[in-house]
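Asks: My structure is below; once you've seen it, I'll send some questions.
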Amino acid sequence: MKVMMFAHGGSLNRGCEAIVRSSTNIIKKRSQGAKVYLASWKPETDKEIQNLDEVFDASPESLKKYTKEWFVSSIQVKIFKDESYGLRAMEGKTIERINDVDVCLSIGGDNYCYGEQPALYEIDKMVKRKGKKLVLWGCSIGEEDMSEQKLRDLQNFDLILARETLTYKMLLEKGLRKSKLVADPAFTLAKEELVLPEGWQEQNTIGLNFSPLVWKRNKQSYSALSELINHILSTTDMTIAFTPHVILEGNNDYEILSDFYEKYKHTGRVIILPDHLNAMQYKGYISRMRFFIGARTHATIAAYSTFVPTMVLGYSVKSRGIAKDLFGEEKLVLSINEISNIDIMKRKFEEMVKEEKEIKHRLEAAIPSMKQMSYRAVDYINELMLARG
């Protein structure tokens, strides 16, 4: 079986890297002889992922003026208000590789949470037109994200693999009967343990991740988080390790976490992890933390999967659903509005500390089945390909 993973923006988002690494591993473990190819918008950031059979440049190309593609696209848009031809031309690097594979995995787990995706819709149409299997891999989609256009696109998929219960139930309610419940592949990601930095307290360091994306959605969250840091420093003896997980221009965790580090470094109880580590190395540090507070979903998955009690900042459907599948409730998941309320933040932090042992035990009981559900995703693909004959 030849698999092409597409809709990947590059590995400077360590969550995207975690999906690619773990997905490639579980596919090859569960499907003998499988070949996995990655269509990447930033292939230079994916070179370190060694288990892939090929990474190729799939970055969209703008249409050059006065070319045939530009003229045809301009006419279709002007006369028919139809941009499909132009979008297919722009996504040509991905589309031209469809013939070489058996199944195409759309791997951007939450791409469908961010408005319409007309370019992806055109790629999906071409996958089906060329007679290949189309799979939405480990997705999260909220009820509020759905539209008629998006629903039409989702109806094209041969298989939709939802990574948490809330999305799965919503998809079934929308009549998408080819949906299956699995778990995020990153629950299976291996960890790499590097030397602990100076100032790290073994068994007594709390990780803190925050993102510009969350800060932009709630401007007051920055000052509330500062107050929470003050609370941690004044009521505990823990070290705080600021932990970036996305290092993209304009969406760089390290930049905002550096501000916090500079503000509190005089205490001698804060450190900041480098911005150049890969997803396995970040997981290696997170796994040795006592607690974790995070805004990035895959940073929190790194914590959950290594039994670290975790508090989630600025939830989305994915973080709510993942917590529900782990605990049976949306435990320690704060909404985008709640993260500017310092009283709620303190209360949830104290709850996490008070229930530390219980939370660890619940994670130790739940994670093995979550990993099995991650592997089940590959079983569903194998069944799909077998049914094809």
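The values are calculated or read from the model by the stated rules, or taken from the named source; none is laboratory data. What you see is a predicted model; the values in this text were computed from it and never measured. Cβ atoms come from the backbone with ideal geometry, glycine included; neighbour counts cover every protein chain shown. Keep in mind that these areas ignore ligands, DNA and RNA; they rest on the heavy atoms of the full protein, side chains included. Shrake-Rupley method; radii C 1.70, N 1.55, O 1.52, S 1.80 Å.
Asks: If you project the alpha carbons of region 80-186 onto their three principal axes, what span does each projection cover, largest first, in Å?
Replies: Here the spans come out as 36, 32, 23 Å, largest first.
Asks: Amide H of TYR315 versus every other amide H placed in the peptide plane: which residues, excluding those fewer than 5 positions away on the same chain, fall under 5 Å?
Replies: Residues meeting the amide H criterion: LEU334, SER335, ILE336.
Asks: On a 1.4 Å probe surface of the protein chains, which of ASP46, ASP102, ASP343, ASP53 comes out largest in accessible area, and what is the full order?
Replies: ASP343, ASP53, ASP102, ASP46
Asks: Based on the alpha-carbon gyration tensor of region 183-247, what equivalent-ellipsoid semi-axes (square roots of 5 times the eigenvalues) come out, in whole Å, largest first? Numbers along the way, then the final one.
Replies: Working: eigenvalues 108, 88, 20 Å².
So the three semi-axes of region 183-247 are 23, 21, 10 Å.
Asks: If you don't mind, there's one more thing I want to ask. Rounded to the nearest 5, what % of the DSSP beta bridges within the chain are antiparallel ones? Before the final figure, lay out the partial values.
Replies: Values: 3 of 40 bridges.
Percent antiparallel among DSSP bridges in the chain is about 10.
Asks: Right, something else. First compute the accessible area of region 186-343 with a 1.4 Å probe, then give the percent of it belonging to carbon and sulfur atoms. List each step's numbers first, then the result.
Replies: On the way: 2690 of 5890 Å².
Answer for region 186-343 is 46 percent, counting heavy atoms of protein chains only.
Asks: Taking H as built 1.01 Å from N, whose amide H comes closer than 5 Å to the amide H of VAL55, not counting residues under 5 places away?
Replies: Hits under the 5 Å cutoff: LEU38.
Asks: Please work out the ratio of the alpha-carbon Rg of region 231-309 to 2.2 N^0.38 Å and round it to two decimals. Let's see the in-between values first.
Replies: Details: Rg = 12.5 Å, N = 79, 2.2 N^0.38 = 11.6 Å.
Scaled against compact globular proteins, the figure is 1.08.
Asks: Which value does Rg/Rh take for region 112-154 over its C-alpha atoms, Rh per Kirkwood?
Replies: Working: Rg = 10.8 Å, Rh = 11.1 Å.
Expressed as Rg/Rh, it is 0.97.
Asks: If you plug each phi of region 218-228 into the Karplus form 6.51 cos²θ - 1.76 cosθ + 1.60 with θ = phi - 60°, what whole-Hz ³J(HN,Hα) values come out, in order, with x for Gly and Pro?
Replies: So the J values, rounded to whole Hz, are 8, 5, 6, 5, 4, 5, 5, 5, 4, 5, 5.
Asks: Taking the Cα atoms of region 226-366 alone, what are Rg (to one decimal) and Dmax (as a whole number) in Å?
Replies: 14.5, 41
Asks: With the full set of protein chains in place, find how many percent of the accessible area of region 129-171 is carbon and sulfur; take the probe as 1.4 Å. Kindly include the intermediate steps, with their values, before the conclusion.
Replies: On the way: 640 of 1590 Å².
The computed percentage sits at 41.
Asks: Grab every C-alpha pair in region 129-226, bin the distances at 5 angstrom width from 0 up to the longest one, and report whole percents.
Replies: Cα pair-distance distribution for region 129-226, in percent: 2, 10, 14, 13, 11, 14, 13, 9, 7, 5, 2, 0.
Asks: For region 88-127 and region 24-65, what is the separation of their Cα centres, given in Å?
Replies: Cα centroid to Cα centroid, the span is 13 Å.
Asks: Find the relative contact order for the chain and round it to a whole percent, using C-alpha pairs within less than 8 Å whose residues are 6+ positions apart.
Replies: Details: 720 pairs, mean separation 62.2, N = 389.
Reported relative contact order: 16 percent.
Asks: Further question on the same structure: Before rounding to the nearest 500, sum -39500 (n - 2.57) across all DSSP H runs of length at least 4 in the chain and divide by the residue total; then give [θ] at 222 nm in deg cm²/dmol. Walk me through the intermediate numbers first.
Replies: Details: 15 runs with 175 residues, N = 389.
Result for the chain, helices only: -14000 deg cm²/dmol.
Asks: Still on this structure, I have one more. So with the 1.4 Å probe, I'd like the accessible area per residue for the chain, rounded to whole Å². Could the numbers behind the result be given before it?
Replies: Working: 16940 Å² over 389 residues.
That works out to 44 Å² per residue.
Asks: Okay, next question. Give a quick list of chymotrypsin sites (Phe, Trp or Tyr not before Pro) in region 123-202 that DSSP marks as loop, anything other than H, G, I, E or B, with at most 16 other Cβ atoms within 10 Å. Before the final figure, lay out the partial values.
Replies: Numbers: sites: TRP137, PHE157, TYR168, PHE187, TRP200; in loops: PHE157, TRP200.
For chymotrypsin sites (Phe, Trp or Tyr not before Pro) across region 123-202 that sit outside H, G, I, E and B with at most 16 neighbouring Cβ atoms in 10 Å, the list reads TRP200.
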